[in-house]
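J.: Below you will find the structure I want to go over with you.
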Number of protein chains: 2
Amino acid sequence: MGLTKTEIFTDAQNEIARLAKAFAHPARVAILHHLFKSNTCICGDLVDEIGLAQATISQHLKELKNLGLIKGNIEGTSVCYCIDQTKWKEMKLLLTTFFDQDINSNNCC
Amino acid sequence: MGLTKTEIFTDAQNEIARLAKAFAHPARVAILHHLFKSNTCICGDLVDEIGLAQATISQHLKELKNLGLIKGNIEGTSVCYCIDQTKWKEMKLLLTTFFDQDINSNNCC
DNA sequence: TTTATATATTGCAATATTACGATTAATAAA
DNA sequence: TTTATTAATCGTAATATTGCAATATATAAA
């Protein structure tokens, strides 16, 4: 028990859930927000700007990287994280298509 | 530890995360999909259509109801669940606004 | 009232997530 | 080389989520 039964859902449903997890924690929302806001590709400044330990931020960054939504470029001793525009657009299309289901639906209650 | 530090994030960040959780599990994605697909307001058919135990479906429905995304009308012994169109539109606006941040951002890497 | 049906709730086990201190690894500067 | 700086990883504790059997609740039908 406690294990999500991925096999009984469609690929699309699993992929939507997988991507939505990126936004299902305020720290990751904050990280993404910071990455968009700063013109310069911020790196470990995230640790200062968001009030979480370095290990915690690093873990969240790893999850976002695993989803493909961000990428990291090593620059000397620090790492520059950026949004992966291609993957971001892909994610946007998948999720907004799901959200727009309401347009063609007639509610009964 | 293990407790999300909501207090260090903005209200918007917390709300985005809260709503994104609705889509962060394939069972809930499947439930919402079924609710949109069926013109008649389906009720416990979800248990048959999705391969999860009745108690599990009921729990996911409760979470979606708590987020305000769906509402349930009691009809005899069964309950008719539907999308709450107003809340859905609200959620859509909040999340798509967040997703559209890429439009005004210039990536550096 | 009794019985059947549908849904919610409870209790519990398994697994996942969140957070952080400590450590490691890797590069830059002295 | 030695030392500082930055980020990743490891280990661990606390908490949350997922799933289901069993039970409770509530209405409909007999």
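J.: Tally the residues that are near DNA strand D (Cβ under 8 Å from one of its atoms) and surrounded by fewer than 21 Cβ atoms within 10 Å (Cβ to Cβ), restricting the search to the stretch B:1-26. Walk me through it before giving the result.
T.: Applying the first criterion (near DNA strand D (Cβ under 8 Å from one of its atoms)) to the stretch B:1-26 yields B:1-4, B:21, B:24-26.
In the following step, the residues that additionally are surrounded by fewer than 21 Cβ atoms within 10 Å (Cβ to Cβ) were identified as B:1-4, B:21, B:24.
Selection size over the stretch B:1-26: 6.
J.: Let me ask something else about it. Any idea which residue in the stretch B:87-109 is nearest to residue B:36 (Cα to Cα), counting only those that are in contact with a Gly (Cβ under 9 Å, 6 or more places away or on another chain) and surrounded by fewer than 16 Cβ atoms within 10 Å (Cβ to Cβ)?
T.: Among those that are in contact with a Gly (Cβ under 9 Å, 6 or more places away or on another chain) and surrounded by fewer than 16 Cβ atoms within 10 Å (Cβ to Cβ), it is B:87.
J.: Helices (runs of 4 or more DSSP H) wholly in the stretch A:35-102 with at least 2 residues that are acidic (Asp, Glu) - which ones? Give the steps one after another, and end with the answer.
T.: Details: elements: A:45-49, A:54-66, A:85-99.
Helices (runs of 4 or more DSSP H) meeting the threshold: A:45-49.
J.: How about the stretch B:28-49: which of its residues are of a type in the set (Val, Ile, Thr) and facing another protein chain (nearest Cβ under 8 Å)?
T.: If we filter the stretch B:28-49 for residues that are of a type in the set (Val, Ile, Thr), which is where we start, we get B:29, B:31, B:40, B:42, B:47.
Hits for the stretch B:28-49 are B:29, B:40.
J.: Report every pair of residues separated by at least 6 positions or lying on different chains whose Cβ atoms are under 7 Å apart, first residue within the stretch A:47-64 and closer than 20 Å to residue A:37 by Cβ and near DNA strand C (Cβ under 9 Å from one of its atoms), second part of a loop (DSSP other than H, G, I, E, B) and among the aliphatic types (A, V, I, L, M).
T.: Here the result reads A:57/A:50, each pair linking the stretch A:47-64 to a residue that is part of a loop (DSSP other than H, G, I, E, B) and among the aliphatic types (A, V, I, L, M).
J.: Being surrounded by 15 or more Cβ atoms within 10 Å (Cβ to Cβ) and charged (D, E, K, R) is the filter; apply it to the stretch B:50-86 and report the residue that is nearest to the other protein chains (Cβ to nearest Cβ).
T.: For the stretch B:50-86, the residue satisfying everything is B:71.
J.: Still on this structure, please answer the following. Can you spot a residue in the stretch A:81-89 that is away from DNA strand D (no atom under 12 Å from the Cβ), in contact (Cβ under 8 Å) with a residue 40 or more places away in the chain and of a type outside the set (Phe, Trp, Tyr)?
T.: Going residue by residue through the stretch A:81-89, those that are away from DNA strand D (no atom under 12 Å from the Cβ) are A:82-89.
Then keep just the ones that are in contact (Cβ under 8 Å) with a residue 40 or more places away in the chain; that gives A:82-83.
With of a type outside the set (Phe, Trp, Tyr) added as a condition, the list becomes A:82-83.
Yes; the residues of the stretch A:81-89 include at least one that is away from DNA strand D (no atom under 12 Å from the Cβ), in contact (Cβ under 8 Å) with a residue 40 or more places away in the chain and of a type outside the set (Phe, Trp, Tyr).
J.: Could you check the stretch B:73-109 and list, in sequence order, the residues that are out of contact with any Asp or Glu (no Cβ under 8 Å at 6 or more places or on another chain) and either closer than 17 Å to residue B:30 by Cα or among the β-branched types (Val, Ile, Thr) (or both)? Explain how you work it out, then say what you get.
T.: So the first thing to find is which residues in the stretch B:73-109 are out of contact with any Asp or Glu (no Cβ under 8 Å at 6 or more places or on another chain), and the list is B:73-82, B:84, B:86-87, B:90-91, B:93, B:95-109.
Once the filter is applied, which keeps residues that are out of contact with any Asp or Glu (no Cβ under 8 Å at 6 or more places or on another chain) and either closer than 17 Å to residue B:30 by Cα or among the β-branched types (Val, Ile, Thr) (or both), the stretch B:73-109 yields B:74, B:77, B:79, B:80, B:81, B:82, B:84, B:86, B:96, B:97, B:103.
J.: Please specify each residue of the stretch A:27-46 satisfying the condition of being more than 9 Å from DNA strand D (Cβ to nearest atom), farther than 16 Å from residue B:14 by Cβ and without any contact (Cβ under 8 Å) to a residue 24 or more places away in the chain.
T.: Initially, the stretch A:27-46 is screened for residues more than 9 Å from DNA strand D (Cβ to nearest atom), giving A:27-41.
Subset that is farther than 16 Å from residue B:14 by Cβ: A:35-41.
If the condition is that a residue be more than 9 Å from DNA strand D (Cβ to nearest atom), farther than 16 Å from residue B:14 by Cβ and without any contact (Cβ under 8 Å) to a residue 24 or more places away in the chain, then A:37, A:38, A:39, A:40 are the ones that fit.
J.: Just need a number here: residues in the stretch B:1-27 that are charged (D, E, K, R), part of a helix (DSSP H, G or I) and at the interface with chain A (Cβ under 8 Å from one of its Cβ atoms).
T.: So the first thing to find is which residues in the stretch B:1-27 are charged (D, E, K, R), and the list is B:5, B:7, B:11, B:15, B:18, B:21.
Still in the running and part of a helix (DSSP H, G or I): B:7, B:11, B:15, B:18, B:21.
Within this subset, residues satisfying the condition of being at the interface with chain A (Cβ under 8 Å from one of its Cβ atoms) are B:21.
Within the stretch B:1-27, residues that are charged (D, E, K, R), part of a helix (DSSP H, G or I) and at the interface with chain A (Cβ under 8 Å from one of its Cβ atoms) number 1.
No lab work stands behind these numbers, since they all come straight from the coordinates. What you see is a predicted model; the values in this text were computed from it and never measured. Cβ: placed from backbone, ideal geometry, glycine included. Neighbour counts: every protein chain shown.
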